[in-house]
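Any read-out appearing in this document is the output of simple, stated calculations on the displayed coordinates, not a laboratory observation. Model, not experiment: these values are computed from the prediction. Neighbour counts run over all protein chains shown; Cβ positions are idealised from the backbone, glycine included.
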Amino acid sequence: MSPNALPLAFLVAAYLVGSISFAIVVSRLMKMSDPRSYGSGNPGATNVLRSGKKAAALLTLLGDALKGTLMVVLARHFGLADPWLAGVAIAVTVGHMWPLYFRFLGGKGVATAAGVLLALDWRLGVATLAVWLVVAASTRISSLAAMLAAVASPLLCFLLLPGRTAIFGGVLAIAALLLQRHKRNLLQLLAGTEGKIGQKSEN
């Protein structure tokens, strides 16, 4: 067997697991409207919360975060080196954003990225989550909290994991993907039309 066979299999598995959209799965199981049909149209926990169903939003958040944590933990357990570990972290996040099972129309990756960071290093995950919590608590704007946490994550990685160049590169790539997925939110923030956490959909 090729020495790269296992790492490559993990990359594919990470993408496929990442492609499971818990916003859609949970909504179907709880007989709710498709999260892509109301609010921002984003299949993620924040938009599911706009339905008024807090339990569904919590399950979505946990599911999307745990799939990121699971793949990184398994990759580490099987001894994948840092470059491959970073690749798995990126692949599971990309799967969430562009899921194979849902015509490549996925979420913004915040919860999955949080799960990935916690698995890469708990200090990195907690520090990045703290940035999100502070911004979210003070502004009630999830997208702004996500963008600032994304910007902070590579810097935190550099400070907390010195010398882990591949992991830093992976975190930087994930941060860039998160910012790219929030372009519309940035425009709405500038226009003063961005929704707040818990704000119910009018649809």
How would 27, 143 line up from fewest to most surrounding beta-carbon atoms within 10 angstrom? 27, 143
Please tell me which of these pairs span more than 21 angstrom C-alpha to C-alpha: 67/196; 31/53; 67/108? 67/196
Residue-count net charge about residue 141 - beta-carbon cut-off 15 Å; Lys, Arg +1, Asp, Glu -1: +4
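Apply 1/(1 + (r/R0)^6) to the Cβ-Cβ distance of residue 166 and residue 105, taking R0 = 25 Å, and write down the FRET efficiency to the nearest 0.05.
Computed FRET efficiency for residue 166 and residue 105: 0.25.
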Report the local net charge at residue 185: Lys and Arg +1, Asp and Glu -1, summed over other residues whose C-beta lies under 13 Å from its C-beta. +4
May I ask you to evaluate 6.51 cos²θ - 1.76 cosθ + 1.60, the Karplus curve with θ = phi - 60°, for each residue of segment 109-121 and list the ³J(HN,Hα) values in order in whole Hz, giving x for glycine and proline? x, 5, 5, 5, 4, 4, x, 5, 5, 4, 6, 5, 6
Centroid-to-centroid separation of segment 132-173 and segment 1-31 [C-alpha atoms, Å]: 23
Residue-wise HN-Hα coupling along segment 150-164, computed from phi with Karplus coefficients 6.51, -1.76, 1.60 (Hz; x: Gly, Pro): 4, 5, 6, 4, x, 5, 5, 5, 4, 6, 8, 10, x, x, 8
Extension gain residue 138-residue 9, at 0.36 nm per residue separation less the Cα-Cα distance, in nm? 42.2 nm
Taking square-rooted eigenvalues a ≥ b ≥ c of the alpha carbon gyration tensor, is the chain rounded, prolate or oblate, where a/c under 1.5 means rounded and, failing that, a/b exceeding b/c means prolate? oblate
Sequence-separation-based contact order of segment 93-195, relative, with Cα cut under 8 Å and 6+ spacing, percent: 22
Rounded to the nearest 500, what is the 222 nm mean residue ellipticity of the chain from helices alone, with -39500 (n - 2.57) per DSSP H run of 4+ residues and division by all residues? -22500 deg cm²/dmol
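Over the chain, what is the relative contact order in whole percent, taking alpha-carbon pairs under 8 Å and six or more residues apart?
24
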